[in-house]
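Here the structure comes first, spelled out in structure tokens, and everything after it is commentary.
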Amino acid sequence: MDAADQPRSSPELTSPSVVATPNDSLPPIPLTSYISSLSSRVRSYRHRVLSVILPRSKVRTVLSLIIIFVTIALTTIIVHGLSPKNFTLQLPPLDLYSVGQTPKDEISRSFEEPDFSLLSSRQPSSIGCPQKNSSTAPLLVLGIFTAPDDHTSNHIKRLNRRNIIRDKIIPDWPSKVEIKFIFGTPRTEEIRSIISAEQEQYGDIVVVDGVEAINSGKTHAFFKWAATQRQGENPKFVMKTDEDTFFAMPNVIASFESLDCSENIYWGTSAGISYYYQFYLRGLGYAMSWPLVSWIGSANIATAHIIKDEDARTGQWLRMLDPSVDPLHVVDYGWMMGDFNQLDIGVETVALHWLKWDEWLEEQIINVKQIWSNAGRLWDPSAGIDPKLSLELGKSKPGAAQAESERQKAEGWDT
């Protein structure tokens, strides 16, 4: 450092124009000269800084940007105590509906996150059920989730299942229940033409605006269709179910006729749910009243909150209700609904699930109707069992279900 730049000790001003020093060891320096020298140094430093920030050549520009970037990065690492290996580039999935491309920890966390669209949209308490006292509004819209395959035998297999339902199940249901087969968006023009031909023949198909995959947003697309796109008077209740579920129709009718669609009704069974998630009702068949359907179906829910296990996802949506304003009324039939080989089937049974083979479905249709006949009861919409009885009996776990739980537990399954 030059001597001129060395700091002086305790300078005192003896006149407006002279700087005095102790014992007058140094010659006096005019104040104007000192200020001029300081200004010159400032201009020099400013020139150096600007030459880095705004260099005159392209090479210096690139080097300057690199230096600035590295400086900021190192500063961030030092301040936050991070290491460079923790900096990773987070790319969105190529297909927003592709669960396989979404990190597992993000999916798990998404089941606990609030959804802004649901929280900020019109709430169920302000929606109500204006069609409550209507004699023409459907009591229930029942959406049976199915899927197209292709021109191979697999498509014929799925078509055979739908035709069994059309021939042996749907005719028993009263007209106040609207039953539709729910498809996702066709993946190819060939599949689209197959579905179109089937729709032209039967007129009971709905193609929702969502990927054809049960856990890739199809359920929300279904409720969106029911709430905003379906033609006709709004229903009182809407149910999502699978094509391997068989309902005891009289008991279903009796149950929904006993409920108030203006309340926030969540209907189904929690028997056999996975405890990996918080409470939900199983996807074999669950329903919601109109205020909930309208609330969910009208919301633009984030993609991360509509993919993965669809029944648990519905439970997540309903946890966003404000219980002080919108209490949820759960109608849980327990072990009166479930996998057919785990139930004690009787006239109080509401639904049988896991009927994967057509033969199993046809056998259980005959079996359940025979049980009703043996009990002296008509298989008629007006002959349902008192819902309170089924609800009470559903609290007891059948022996077959207990044995299956023990088997799964021994094998390390999620029971």
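The values are calculated or read from the model by the stated rules, or taken from the named source; none is laboratory data. Treat the numbers as computed from the prediction; the structure is a model and nothing was measured. A quick note on method: Cβ atoms are made from the backbone with ideal geometry, for glycine too, and the neighbour counts reach across all protein chains shown. In case anyone asks, the SASA skips ligands and DNA or RNA and just uses the protein heavy atoms, side chains included. Shrake-Rupley method; radii C 1.70, N 1.55, O 1.52, S 1.80 Å.
Among the residues of the stretch 350-365, what is the count of those that are closer than 24 Å to PHE256 by Cα and open to solvent by 70 Å² or more (accessible area, probe 1.4 Å)?
Result for the stretch 350-365: 1.
Taking the criterion of being at pLDDT 95 or above, over 15 Å from GLY143 (Cβ atoms) and in contact with a Gly (Cβ under 9 Å, 6 or more places away or on another chain), would at least one residue in the stretch 228-248 satisfy it?
yes
Considering only the stretch 368-408, how many residues are closer than 28 Å to ILE169 by Cα and in a helix (DSSP H, G or I)?
The qualifying residues number 16.
Search the stretch 261-282 for residues being among the small types (Gly, Ala, Ser) and over 19 Å from SER405 (Cα atoms), and hand back the single one that is farthest from the chain's Cα centre (by Cα). Before you say what the answer is, go through the steps one by one.
Pass one, the stretch 261-282, residues among the small types (Gly, Ala, Ser): 262, 268, 270-272, 274.
Filter once more, keeping what is over 19 Å from SER405 (Cα atoms): 262, 268.
Details: SER262: 24, GLY268: 19 Å.
By that ranking, first place goes to SER262.
Taking the stretch 321-347 as the search range and keeping residues that are crowded, with 16+ Cβ neighbours inside 10 Å and charged (D, E, K, R), which one is farthest from GLN364 (Cα to Cα)?
ASP326
Can you give me the number of residues within the stretch 196-221 that are open to solvent by 20 Å² or more (accessible area, probe 1.4 Å), assigned to a helix (DSSP H, G or I) and not small (Gly, Ala, Ser)?
Residues that pass the stated criteria total 4.
Every residue, every condition in (1) basic (Lys, Arg); (2) in a loop (DSSP other than H, G, I, E, B); (3) at pLDDT below 55; (4) surrounded by 12 or more Cβ atoms within 10 Å (Cβ to Cβ), yes or no:
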site	(1), (2), (3), (4)
ILE66	no, no, no, no
GLU113	no, yes, no, yes
LEU118	no, no, no, yes
LYS132	yes, yes, no, yes
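Is it the case that the stretch 391-410 has a residue that's out of contact with any Leu (no Cβ under 7 Å at 6 or more places or on another chain) and within 24 Å of PHE145 (Cα to Cα)?
No, the stretch 391-410 contains no residue that is out of contact with any Leu (no Cβ under 7 Å at 6 or more places or on another chain) and within 24 Å of PHE145 (Cα to Cα).
Run down SER193, SER126 and say which single residue is of a type outside the set (Lys, Arg), more than 29 Å from the chain's Cα centre (by Cα) and open to solvent by 20 Å² or more (accessible area, probe 1.4 Å). Walk me through how you get there before you give the answer.
Details: SER126 fails: more than 29 Å from the chain's Cα centre (by Cα).
After applying the criteria, what remains is SER193.
Among the residues of the stretch 293-305, is any over 22 Å from GLU112 (Cα atoms) and either of a type in the set (Phe, Trp, Tyr) or surrounded by fewer than 23 Cβ atoms within 10 Å (Cβ to Cβ) (or both)?
So far as the stretch 293-305 goes, no, none of its residues is over 22 Å from GLU112 (Cα atoms) and either of a type in the set (Phe, Trp, Tyr) or surrounded by fewer than 23 Cβ atoms within 10 Å (Cβ to Cβ) (or both).
Starting from residues that are over 20 Å from ASN341 (Cα atoms) and of a type in the set (S, T, N, Q), keep the ones in the stretch 259-296 and report whichever is modelled with the lowest pLDDT.
So the residue we want is GLN278.
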